[in-house]
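Visitor: Dropping the structure in here first, questions after.
The values are calculated or read from the model by the stated rules, or taken from the named source; none is laboratory data. It should be emphasised that the depicted structure is a prediction, and the values quoted were computed from it without experimental measurement. When we count neighbours, we look across all protein chains shown, and the Cβ atoms used for this are built from the backbone with ideal geometry, even at glycine. The protein model used for the area step is the full one, side chains on, heavy atoms only, and it has no ligands, DNA or RNA in it. Shrake-Rupley method; radii C 1.70, N 1.55, O 1.52, S 1.80 Å.
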Amino acid sequence: MKLRLILLVLSLLAFLSASTGGYLYYSSIKESALKEAERQAVARVQTIKKNLASYLSENRKPVRALAGMKELRQVLLQPTHLNAMVNANAVLDHFNKTLDTEVCYLMTREGDTIASSNRNAPDSFVGKNFDFRPYFQQAMRGMPSSYLALGTTSGRRGAYYSHPIAGREPGIVEGVVVIKASIEQVEKELMSAPDEIVLVTDPHGIVFISNRKNWLYHSLSELAPDIKSRIEDSIQFGHGPWVWTGLTIKGPKYAVDKSGNEYLMHRLALDNYSGWKIIHLRSLKAISKTVSDPLFRIAGPLILALCVLIGLSVFFLYRKASVEIRMRQSAEKALRASEARYRRLYHHTPAMLHSIDISGRIVSVSDYWSEVLGYRRDEVIGRRLTSFFSEESRRYAEQEVFPEFFKTGFIKDVPYQYVKKDGQSIDVLLSAIADRDEQGKIIRTLAVSIDVTERKRAEEALKFAKEELSRYSKDLERQVESRTREIHSILKYTPAVVYIKDKEGRYTLVNSRYEELFDVKNEAVRGRTDDDILPRGLAGQFFASDQKVLREGRSFQENEHIPQVDGIHTYLSVKFPIYDEAGAISGVCGILNDITALKKAQDQLRRLSAGIMASQEKERYAIARELHDELGQVLTALRMDSVWMQERLKGSDAEASQRALTMCQLIDKNIEDVRGMAFRLRPGVLDDLGLVDALEWYTTDFERRTEITCVFEHDQVPPLSETMATAAYRITQEAITNVARHASASRVEVALKARNSTLTLAIVDDGCGFNPPDLSDSEGLGVAGMRERAGLVGGTLEVHSEPGKGCRVLFEVPFVGKAGA
């Protein structure tokens, strides 16, 4: 059974060996074929380059000869001379026919074509101006030129050869003669191989010559917009669009098209055309096919026989050679691994390793040694080791260390100082052992130097840091002690109640005012909750507000009512969360200030203000009544007397009658003004008909007086108390008066609504708006007065405004039936 298994394994090994040999043979042949293909490609490109260069240069001498023809010079100098143009055209025709070119033509100094061999063709150049072409511009500078481009008139590619025609005076160019040779012919002659792609590209990668027609005028890479613009401006290859061929260059020898086909690529510069290149592409698939097809057809049976032979050979030889081979391979592998490991450790260990002979000269150094000191290996081999020491280290080594080492063959942690190539010094600790020969004599050393420069600096820095840390710690302790005393003094002497609790509501600290208020001690309170210390109602009140802070993670401000010996006191309570080092809430802090006296003063001030406003309203009512009853009656009597006088004087004194009529009109105006003043002071309609009719009248009168559109909208409003109605009326009056004075508005909307037992009054304008916090003290009095009126009836007033977005005044007050009655 074992024998069969062994035979099976050996057969498998033979098959694998043959297969591997066949694959390697195929790879070798393929690589040889690829190299042969490269050689052929290089030869092919060189041939194409040579032939193309020959073709593109064959008209340089003819164009020079053509430029020297007297007939061309005569027609430029004497264009009106008899038969001059005929002779010039005959010369151009002769050269064109003899050279078998596409066209020969003559241009003036202005670039106008005056004679051409295609003058009778539909695409004749005669009369065309080509002064934009570089070959013309260079020839006008006195230099012959050659140029590859697409014809703007003929639409055909060509190679242009230009030469200046000298004038009578030296250095004067009278015109330019040009020979254009067809590019299509060179494509047919030079690029006929079917399994290759040959391209000729300009410096920007535009394909100008190719045996693949669909690549003409395409670019080998994506073109930037500015490059496209320059190519289009030159009209060298028409007007574009110069689409990318999809060819991607993969290194210097390979390329891949957009279909994934790989090519072997060679590039050569085109002589005499700066930046132009000849690119030769040959399909790798075709190259591989040239190898695989003959190989599989011819070598297949041979490989099969070889596999059988190898299998048999392996079977007979393996048994004898396997043991020896394995032992030898193991030994060689171990030796190579050991050597490689030694070299790797020697050169790559981040320590400075070196060896010296008995004369003290360096025989080897590690890469790290050279890198640290800044030398190349060839700069140090053969030099004395002490030449890299500082002066002090050199004396110490030569007088003490070296004599001792060559006696004992061992040293450890000897302090030296190396001098680097750039002059810097480094401190090292050197340890070494001796390598002895068979007689026990020292022949060389193996030493390691450990760079301790940074360690010494770190030790010095650490020592300095310890000193600084000690000073800082002492200073910090003093600051902490000082701050502790300050905080303790604040907590002890502040009139506010201060406490701190953890997340479970247990007290961790209370100040002396808390102890005094609740008759407890800090030590007794610590670790206990509100329920353990305070009355039930007060404990629940404290607990609810504390939990709100912990739950929402932000500070709150509210009033707390705490019973004391002299009655219930009101405290302004500010509570906020406390965070630990990780940023998590660890507790809550409360600070309570007694504002009972302030509340009483505010209530007294509010009552006083209400009394003042009530007195104002009574005074306004009295003044309005006086104006209406007393002054109004007097003005009415004066009007009646004026009318009587006007009637009496109408017949006897017309001028006096007219004066009496004028007096009557003035009295009418005064009566109207007095009525308006009385109404604005205290509108009777507010007392008689209610708030809605009073606001209706006032907004109408406001629109009439100011010419600002004023719209009043209202719901069904129930009867209101006199105080509430007066407050709403006065707030509206103040708000739209401010609109007229400051807002530069074109429209005001007043809305009065009563819903859900709440009266809502809104005044909105489309004026210039303002920033409420920026109001001056005088400007803010009107807003403050409106807020005070709102507060006296138990309501609130809000002012919303932004610069350029108008203003909105909102007054809200709860009511039940006649509120305040």
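Visitor: Protein chains only, probe 1.4 Å: how do His354, His204, His348, His800 rank by accessible area, largest first? Don't jump to the answer; show the numbers that get you there.
Guide: On the way: His354 0, His204 70, His348 130, His800 90 Å².
The residues order as His348, His800, His204, His354, largest area first.
Visitor: Ok, one more. For region 371-468, what is the per residue volume of the convex hull drawn over the alpha-carbon atoms, in cubic angstrom? Please report the intermediate quantities before stating the final value.
Guide: Values: hull volume 12.0 nm³, N = 98.
It is 123 Å³ per residue.
Visitor: Along the Cα→Cβ direction, 7 angstrom out, place labels at Asn593 and Thr709. What is the inter-label distance in nm?
Guide: Simple spin-label model gives 4.9 nm for this pair.
Visitor: Quick one: go through region 499-513 and flag any residue whose amide nitrogen is under 19 Å from the point 7 Å out along the Cα-to-Cβ line of Ile585.
Guide: 499-509
Visitor: May I pose another question? Given R₀ = 41 Å, what would the calculated FRET efficiency be for Ala305 paired with Lys50, taking r from the Cβ atoms and rounding to 0.05?
Guide: On the way: r = 47 Å, r/R0 = 1.15.
E between Ala305 and Lys50, to the nearest 0.05, is 0.30.
Visitor: If you take the Cα Rg of region 110-152 and divide it by 2.2 N^0.38 Å, with N the number of residues, what do you get?
Guide: Numbers: Rg = 11.1 Å, N = 43, 2.2 N^0.38 = 9.2 Å.
Dividing the Cα radius of gyration by 2.2 N^0.38 Å gives 1.21.
Visitor: Next up: Compute the accessible area per residue over region 207-282, keeping the other protein chains in place, probe 1.4 Å, unit Å². Before the final figure, lay out the partial values.
Guide: Details: 3930 Å² over 76 residues.
For region 207-282, the per-residue accessible area is 52 Å².
Visitor: Please give the length that would be gained between Ala286 and Asn756 if that part of the chain were fully extended, namely 0.36 nm times their separation in residues minus their C-alpha to C-alpha distance (nm, one decimal). List each step's numbers first, then the result.
Guide: On the way: separation 470, 0.36 × 470 = 169.20 nm, distance 9.21 nm.
Length gained, Ala286 through Asn756: 160.0 nm.
Visitor: In addition: Once you charge only the Cβ atoms, +1 for Lys and Arg and -1 for Asp and Glu, what is the size of the charge dipole of region 111-231 about its Cα centre, to the nearest 20 debye?
Guide: Values: 13 positive and 13 negative charges, 51 e Å.
Dipole of region 111-231, to the nearest 20 debye: 240 debye.
Visitor: Give or take rounding to whole Å, what are the principal axis extents of the alpha carbon atoms in region 477-521, in descending order?
Guide: Cα spread of region 477-521 along its principal axes, largest to smallest: 33, 25, 15 Å.
Visitor: Okay, next question. I need the calculated FRET efficiency for the pair Glu262 and Gln424, taking r as the beta carbon distance and R₀ as 45 Å, to the nearest 0.05.
Guide: Values: r = 53 Å, r/R0 = 1.19.
After rounding to 0.05, the efficiency reads 0.25.
Visitor: So, one more: Label region 435-496 by shape, choosing from rounded, prolate and oblate, from the square roots a ≥ b ≥ c of the eigenvalues of the Cα gyration tensor; if a/c is under 1.5 it is rounded, and otherwise prolate applies when a/b is larger than b/c, oblate when it is not. Provide the component values of the computation, followed by the final result.
Guide: Working: a/c = 9.57, a/b = 7.15, b/c = 1.34.
Taking the square roots of the gyration eigenvalues as a ≥ b ≥ c, region 435-496 is prolate.
Visitor: If ligands, DNA and RNA are left out, what is the accessible area of Leu335 with a 1.4 Å probe, given in Å² to the nearest 10?
Guide: Looks like 120 Å² after rounding.
Visitor: Could you order the peptides 70-77, 579-586, 258-265 from most to least packed, using the average number of other C-beta atoms within 10 Å per residue? Don't jump to the answer; show the numbers that get you there.
Guide: Values: 70-77: 19.8, 579-586: 9.6, 258-265: 14.6.
Going from most to least packed, we get 70-77, 258-265, 579-586.
Visitor: Further, regarding this structure: Once both labels are modelled 7 Å past Cα along the beta-carbon direction, what's the Glu504-Ala43 spacing in nm?
Guide: Label-label distance for Glu504 and Ala43, simple model: 9.7 nm.
Visitor: Would you kindly state how much longer the chain becomes between Thr152 and Tyr342 on full extension, computed as 0.36 nm times their sequence separation minus their alpha carbon distance, in nm to one decimal?
Guide: Values: separation 190, 0.36 × 190 = 68.40 nm, distance 7.31 nm.
Between Thr152 and Tyr342, full extension yields an extra 61.1 nm.
Visitor: Whenever you get a sec, line up Phe405, Phe95 from highest to lowest accessible area (probe 1.4 Å, protein heavy atoms). Walk me through the intermediate numbers first.
Guide: Working: Phe405 10, Phe95 35 Å².
The ranking, largest first, comes out as Phe95, Phe405.
Visitor: Set the Förster radius R0 to 51 Å, insert the Cβ-Cβ distance between Ser28 and Met143 as r into 1/(1 + (r/R0)^6), and round the FRET efficiency to 0.05. Could you put the intermediate results ahead of the total?
Guide: Numbers: r = 54 Å, r/R0 = 1.07.
Efficiency, from the Cβ-Cβ distance: 0.40.
Visitor: How much accessible surface area, in Å² rounded to 10, belongs to the heavy atoms of Glu481 with a 1.4 Å probe?
Guide: 110
Visitor: Can I ask one more? Ordering Arg551, Arg39, Arg705 by accessible area with a probe of 1.4 Å, largest first, what comes out? Display every interim value, and only then the final one.
Guide: Details: Arg551 165, Arg39 135, Arg705 100 Å².
Output order, biggest surface exposure first: Arg551, Arg39, Arg705.
Visitor: Give the Rg/Rh ratio for region 83-155, taking Rg as the radius of gyration of the Cα atoms and Rh as the Kirkwood radius, to two decimals. Could the numbers behind the result be given before it?
Guide: Working: Rg = 12.2 Å, Rh = 12.9 Å.
Ratio of gyration radius to Kirkwood radius for region 83-155: 0.95.
Visitor: Shifting gears a bit: What do you get when you divide the Cα radius of gyration of region 509-606 by 2.2 N^0.38 Å, with N the number of residues? Before the final figure, lay out the partial values.
Guide: Values: Rg = 14.8 Å, N = 98, 2.2 N^0.38 = 12.6 Å.
Here the answer is 1.18, to two decimals.
Visitor: Let me ask something else about it. Any idea how far apart Lys70 and Thr20 come out in nm if each label point goes 7 Å out from Cα toward Cβ?
Guide: With each label point 7 Å from Cα toward Cβ, the separation is 8.7 nm.
Visitor: Now for a separate question. Please report the carbon-and-sulfur percent of the accessible area for region 485-559; probe 1.4 Å, protein heavy atoms only, DNA, RNA and ligands left out. Don't skip to the end; give the middle numbers.
Guide: Values: 2260 of 4600 Å².
It is 49 percent, rounded to a whole number.
Visitor: Excluding Lys805 itself, calculate the net charge of residues whose Cβ lies under 13 Å from the Cβ of Lys805, where each Lys or Arg counts +1 and each Asp or Glu counts -1.
Guide: Working: positive: Arg808; negative: Asp765, Asp766, Glu802.
It works out to a net charge of -2.
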